[in-house]
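Report on the following structure.
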Amino acid sequence: MKRIFIVHGWGGTPQEGWFPWLKKELEKKHFYVEAPSMPETEHPRIETWIPYLTNVVGKADKDTYFVGHSIGCQTILRYLEKINTKIGGVVLVAPWLHLDEKTIREEGEESILIAKSWIKTPINFKKIKKLNKNFVAFFSDNDPFVPLSDSNIFKKQLNAKILLEKQKGHFSGSDKINQLPLVLEELLKIINNPS
């Protein structure tokens, strides 16, 4: 059975924004879908989020797919660094390796400290690419957190298909994004056309 894991972002929950809609749409197609509540969502840490996702997923295989939002994208990539099994595919929504400096300063000292380890700890893209060739990454032209230049890194490092959306902010519930049909469409393309 094909399994899909939807990983929310920093300060997020599985009930916000477009996650419930996507989960329901995928379940209608008879996929197993899990959207875990990540631990200490206001203070996401690599050392708690990666083991937590590892535990939720169990044994990954070519029928395992991931959809991430924001820091949830990094969580998925850092999880993939730790395994040695090929998976089905990954859709990244508002993924980042850097954050807009002005915005993060406005968020305050605590946010700067939390973001620091996620920004400074390198990701082994070479290993991740060996486990999966199906990456799609969505960016918005007015995302206050994610610099558009990060899209070039995902293109270069993962050979990801990059899709730029207009006026979607950070693709959050607070941006009034309650459905993302293109995410569903791209995920189904990956599932129906495995490489």
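Every residue, every condition in (1) surrounded by 19 or more Cβ atoms within 10 Å (Cβ to Cβ); (2) in a strand (DSSP E or B); (3) among the basic types (Lys, Arg), yes or no:
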residue: LYS133; (1), (2), (3): no, no, yes
residue: PHE138; (1), (2), (3): yes, yes, no
residue: ASN142; (1), (2), (3): no, no, no
residue: PHE154; (1), (2), (3): yes, no, no
residue: GLU185; (1), (2), (3): no, no, no
residue: LEU188; (1), (2), (3): no, no, no
residue: ILE191; (1), (2), (3): no, no, no
Practice problem: Scan LEU77, LEU53 and give me the residue that is closer than 17 Å to ALA137 by Cβ and not acidic (Asp, Glu). | Solution: LEU77
Quiz item: Within the group ILE83, ILE104, ILE123, ILE119, which residue is without any contact (Cβ under 8 Å) to a residue 40 or more places away in the chain, out of contact with any Cys (no Cβ under 9 Å at 6 or more places or on another chain), of a type in the set (Val, Ile, Thr) and surrounded by fewer than 19 Cβ atoms within 10 Å (Cβ to Cβ)?
Solution: ILE119
Self-check item: Among (1) more than 22 Å from VAL183 (Cβ to Cβ); (2) touching a Lys or Arg at 6+ places or on another chain (Cβ under 6 Å), the one test that GLY88 misses
Solution: (1)
Self-check item: Selection count where residues are of a type in the set (Gly, Ala, Ser), farther than 15 Å from LEU99 by Cβ and at pLDDT 95 or above, scope segment 130-173
Solution: 2
Quiz item: If we keep just the residues of segment 21-58 that are in contact (Cβ under 8 Å) with a residue 12 or more places away in the chain and of a type in the set (Val, Ile, Thr), which is farthest from THR85 (Cα to Cα)?
Solution: THR41
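Kindly indicate whether THR48 is touching a Gly at 6+ places or on another chain (Cβ under 9 Å), surrounded by fewer than 24 Cβ atoms within 10 Å (Cβ to Cβ) and among the β-branched types (Val, Ile, Thr).
Judged against the criteria, THR48 is not a match.
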Self-check item: Conditions (1) within 20 Å of VAL183 (Cα to Cα); (2) over 15 Å from the mean Cα position of the chain (by Cα); (3) in a helix (DSSP H, G or I); number of the one not met by LYS62
Solution: (3)
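Each row is one residue, and each column tells you yes or no for (1) hydroxyl-bearing (Ser, Thr, Tyr); (2) more than 17 Å from the chain's Cα centre (by Cα); (3) over 26 Å from VAL57 (Cβ atoms).
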| position | (1), (2), (3) |
| --- | --- |
| ILE112 | no, yes, yes |
| LYS133 | no, no, no |
| ALA137 | no, no, no |
| SER151 | yes, no, yes |
Practice problem: Would you point out the residue of segment 86-114, among those that are on the phi < 0 side of the Ramachandran plot and in contact with a Ser or Thr (Cβ under 8 Å, 6 or more places away or on another chain), that is modelled with the lowest pLDDT? | Solution: ILE104
Exercise. Report whether or not GLN167 is free of Cβ contacts under 8 Å to residues at least 40 places away in the same chain, outside any helix (DSSP H, G or I) and over 18 Å from ILE6 (Cβ atoms).
Key: yes
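The values are calculated or read from the model by the stated rules, or taken from the named source; none is laboratory data. Just so it is clear, the model here is predicted, and its values are computed rather than measured. Every residue, glycine as well, gets a Cβ built from its backbone with ideal geometry; the counts of neighbours run over all protein chains shown.
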